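Taking it in order: structure first as structure tokens, then the write-up.
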Amino acid sequence: MNEQTEKFTHRIRSFVKREGRLTKGQAAALERQWPGKGLQHQADGIDFDKAFGRPAPLVLEIGFGMGHSLVEMAKADPDSNYIGIEVHGPGVGACLMEAEAQGVENLRIFQHDAVEILQDCVADESLAKIQVFFPDPWHKKRHHKRRLIRPEFVQLMHAKLQHGGILHLATDWENYAEHMLEVMQGEQGWDNLSANGDYVPRPDSRPLTKFEQRGQRLGHGVWDLQFKKS
Ligand SMILES: C[S@@+](CC[C@H](N)C(=O)[O-])C[C@H]1O[C@@H](n2cnc3c(N)ncnc32)[C@H](O)[C@@H]1O
């Protein structure tokens, strides 16, 4: 589907469907782990206490890629329930492989568009935290409309967070960082946790990725933003 037809048949998405083969290890992990950890989109909502087999604070990560941060954070915080959403199949396989290797059980995964999961499956005021790390920056100006962090999506995330819940964003693309800040500042009902009213230092809760370590050596910047629902 080209961009023009997509516009008329459906809303503009923040991702393009990529082909991608799972490695043997990812495919095997998927087969073993999906029955226990995989969740399907449901139009009439999901009871997450039931899905996890216990009530606990819910942390949601959108676009977890290969799931490195997600698995590490879930492991370090066993008293919370972690939900990951990713559309890319090999990423889902890689995440489940890692979760299995690390013995992480407080994790459930959707392979679906995060916008639809938030709209249809997640109850209002139910999430303790939402994290979106390094979302696709869509560098070209004519593609900026595809960026995940835009007013409507921020309003949707606001509705799903509990009062006092945290939205944590990170990007390595300065223009997107500025865009994120501008969008957040234009929205009601958020307190910026930055002392300067812009960015926060990387909190220890967000693991440093290999990609980021390399970037740091090359002098590239990373911008973290944290907002609390007031
Ligand atoms: C640039 S990658 C970053 C991955 C990871 N967070 C990291 O830091 O390495 C962005 C990811 O978001 C996923 N993504 C983009 N839009 C999405 C959506 N609407 N729902 C779920 N995943 C999405 C993409 O498939 C991609 O894997």
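The values are calculated or read from the model by the stated rules, or taken from the named source; none is laboratory data. Everything numeric here is computed off the predicted structure, so don't read it as measured data. Cβ placement follows ideal geometry from the backbone for every residue including glycine, while neighbour counts extend to all protein chains displayed. Heads up: the accessible areas ignore ligands, DNA and RNA and are worked out on the full protein's heavy atoms, side chains in. Shrake-Rupley method; radii C 1.70, N 1.55, O 1.52, S 1.80 Å.
Here are a few things to note about the model shown:
- Taking each residue of the range 80-91 that is closer than 18 Å to Ile46 by Cβ and looking for partners that are assigned to a helix (DSSP H, G or I) and more than 10 Å from the ligand (Cβ to nearest atom) with beta-carbon atoms closer than 6 Å, six or more apart or interchain, yields Asn81/Phe52; Tyr82/Ala74.
- Being open to solvent by less than 40 Å² (accessible area, probe 1.4 Å), under 24 Å from Gly25 (Cα atoms) and more than 15 Å from the ligand (Cβ to nearest atom) is not true of Val71.
- Filtered residues of the range 198-211 (kept if within 12 Å of the ligand (Cβ to nearest atom) and within 17 Å of the chain's Cα centre (by Cα)): Arg206, Pro207, Leu208, Thr209
- Meets criteria (within 9 Å of the ligand (Cβ to nearest atom), among the β-branched types (Val, Ile, Thr), outside any helix (DSSP H, G or I) and surrounded by 18 or more Cβ atoms within 10 Å (Cβ to Cβ)) for Val59: no
- Number of positions in the range 183-199 that are in a strand (DSSP E or B), loosely packed, with under 15 Cβ neighbours inside 10 Å and touching a helix residue (DSSP H, G or I) at 6+ places or on another chain (Cβ under 8 Å): 0
- Residue in the range 200-230 that is surrounded by the fewest Cβ atoms within 10 Å (Cβ to Cβ), counting only those that are among the β-branched types (Val, Ile, Thr) and touching a helix residue (DSSP H, G or I) at 6+ places or on another chain (Cβ under 8 Å): Thr209
- Selection status of Met66, out of contact with any helix residue (DSSP H, G or I) (no Cβ under 9 Å at 6 or more places or on another chain) and surrounded by 14 or more Cβ atoms within 10 Å (Cβ to Cβ): no
- Flag for His139 being surrounded by fewer than 14 Cβ atoms within 10 Å (Cβ to Cβ) and within 16 Å of the ligand (Cβ to nearest atom): yes
- Members of the range 154-173 found to be surrounded by fewer than 19 Cβ atoms within 10 Å (Cβ to Cβ) and either of a type in the set (D, E, K, R) or within 16 Å of the ligand (Cβ to nearest atom) (or both), listed by number: Gln155, Leu156, Asp172
- Of all residues in the range 87-136, exactly one satisfies the criterion of being open to solvent by less than 10 Å² (accessible area, probe 1.4 Å), under 13 Å from the mean Cα position of the chain (by Cα), more than 10 Å from the ligand (Cβ to nearest atom) and under 18 Å from Leu148 (Cα atoms), namely Ile130.
- Sole exception among (1) over 17 Å from the mean Cα position of the chain (by Cα); (2) modelled with pLDDT of 95 or more for His139, by number: (2)
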